[in-house]
Amino acid sequence: MHNNSAVIIEGATVVFNERLETASLRIEDGRIAAIDGARDGADVIDGRGHLLAPAFVDIHGDAFERQVMPRPGTMLPIPAALLETDRQLAANGIATAYHALTLSWEPGLRSVETGYAIVRALDALGPRLTVDNRVQLRWETFCFEAIDLIREALAGPRRPSVAFNDHTSMVMLDPSVSLQERPFDLDPAFPVVDPQTPGFLDKMAERAKRAKIPATDMVALVAEMWTRRPQVLGAIEEVAALGQAAGAPMLSHDDSQIETRNFYRDRGARICEFPMNRRVAQAARDAGDFIVFGAPNATRGGSHLASIGAADMIREGLCDILASDYYYPAMLLGLTRLKADGVAPLHALWPLVAGNPARASGLEDRGVIEVGKRADLILVEWPDGAAPAVRRTWVAGRQAYCAVADGS
């Protein structure tokens, strides 16, 4: 992925860890070789009037699903969908992406079979991809059939992350209890809905459409999966041990209780992804965990699920990372909104989308602009009072995207 010829990006406003400063950057052999160094015959790119920053590290993004299934129940060829996703990532300044690959007992898009196809397609497409495409194994804890795939992916060429996800319990939650305040998922007294009620059938309709089965069949399938509940703890222990043995970053998703966060931390999951309330986020902070919220949440000024707002969490020191979640452009747009709202200066916000997710994922070679670090960079046009736009993206020193009007 490295360029042999040296490149200098000259005169841009550079986002360093603690400041913004006009500087020139030399890229060579895939690394940042010098800051304000000699030209030495390098190719020069005029960065004046632009922002030069670390490229984004996306710890959780599932927008790729819209390329795989652009309409409910309509699946397209996976290699073509992943190539298109790769180009979208580069155009949005994302140099490292963890695709949130849901491994569920559902048929169709989120099935184990589709999971195998995506993991293997990414491996096969590796030389043709422009950015570092990885997977977040977003494992539905009731889906025991996915454990062999998790084992295979953890042994693959691009170390994935593992996210513990229990949407089965969320589906079965009695509607009188909010998702944000539901008990620990393995609590013996977990309040359960009656799956025979008409409201439950309506709730399953959209999920059934995605899986291309009748809603009544989806209800029956959910009820069948719920009978596995006594074996779920053992499955979690097995997957946690696999993740720890592989040195994979691990996350727990949508924690609603401190007990939930403690449970997964004890099993090696040191990333709290989308905590559902402040007390869980505070418990994660007190324990030194990384805390993730969605960049669309920051862009919109609040969560689409009526949960806590990312901006408030950043102000309170309870958010370390913003992820694209369901919309790749939100990585840059979220920073734009946060800067405009005075949440923090831009250099203090940038670690949320680059340095912090890189560290949380064990990728110490990227995410910051320092000599010797991997040259994952973006050049951003950002006129005062106007929307910013990514003009160039470099991944390990190679230009992965260019949108310059004069073609220079």
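Each reported figure results from applying straightforward, stated rules to the coordinates on display, with no laboratory input. Here the structure is a predicted model, which is why all the values come from computation and not from measurement. FYI the Cβ positions are ideal-geometry reconstructions off the backbone, even for glycines, and counts take in every protein chain you see.
So the values come out like this:
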{"quantity": "Neighbour net charge for Asp254 - beta-carbon separation under 13 angstrom, K R +1, D E -1", "calculated": "-4"}
{"quantity": "For Arg391, distant residues with modelled amide H under 5 Å away", "calculated": "Leu379, Val380, Glu381"}
{"quantity": "Rounded, prolate or oblate (a/c below 1.5 giving rounded, otherwise prolate when a/b exceeds b/c) for the range 168-280 by Cα gyration tensor", "calculated": "prolate"}
{"quantity": "Rounded to whole Hz, the Karplus (6.51, -1.76, 1.60) HN-Hα couplings of the range 115-127, x for glycine and proline", "calculated": "x, 4, 4, 6, 4, 6, 5, 4, 5, 5, 7, x, x"}
{"quantity": "Protection proxy ranking, peptides 212-223, 250-261, average beta carbon neighbours within 10 Å, highest first", "calculated": "250-261, 212-223"}
{"quantity": "Dipole axis of the chain (+1 Lys, Arg; -1 Asp, Glu on Cβ), positive-most option in Pro357, Pro160, Ala6", "calculated": "Ala6"}
{"quantity": "Other-chain or far-sequence residues with amide H under 5 Å of Ser24's (modelled H)", "calculated": "Gly11, Asp36"}
{"quantity": "Simple Cβ-charge dipole of the range 56-365, Lys/Arg +1 and Asp/Glu -1, about Cα centre, in debye nearest 20", "calculated": "680"}
{"quantity": "Efficiency of FRET between Ala348 and Met170 - r from beta-carbon atoms, R0 41 angstrom, step 0.05", "calculated": "0.75"}
{"quantity": "Ranking of Cys402, Cys143 by count of other Cβ atoms within 10 Å, fewest first", "calculated": "Cys402, Cys143"}
{"quantity": "Rounded if a/c under 1.5, otherwise prolate or oblate - the range 56-365, Cα gyration tensor axes", "calculated": "rounded"}
{"quantity": "By average C-beta atoms within 10 angstrom, highest first, the peptides 59-68, 173-182, 133-142", "calculated": "133-142, 59-68, 173-182"}
{"quantity": "Per-residue HN-Hα couplings for the range 156-173 [Karplus 6.51, -1.76, 1.60; θ = phi - 60°; Hz; x = Gly/Pro]", "calculated": "x, x, 10, 4, x, 9, 10, 10, 8, 9, 10, 7, 5, 5, 5, 5, 8, 5"}
{"quantity": "Within the chain, percent of DSSP bridges classed antiparallel, to nearest 5", "calculated": "45"}
{"quantity": "Under Karplus coefficients 6.51, -1.76 and 1.60, residue-wise ³J(HN,Hα) of the range 357-367 in Hz, glycine/proline x", "calculated": "x, 5, 5, 4, 8, x, 9, 6, 8, 8, x"}
{"quantity": "Dipole-positive endmost among Thr85, Pro230, Cys272 within the chain (Cβ charges, Cα centre)", "calculated": "Thr85"}
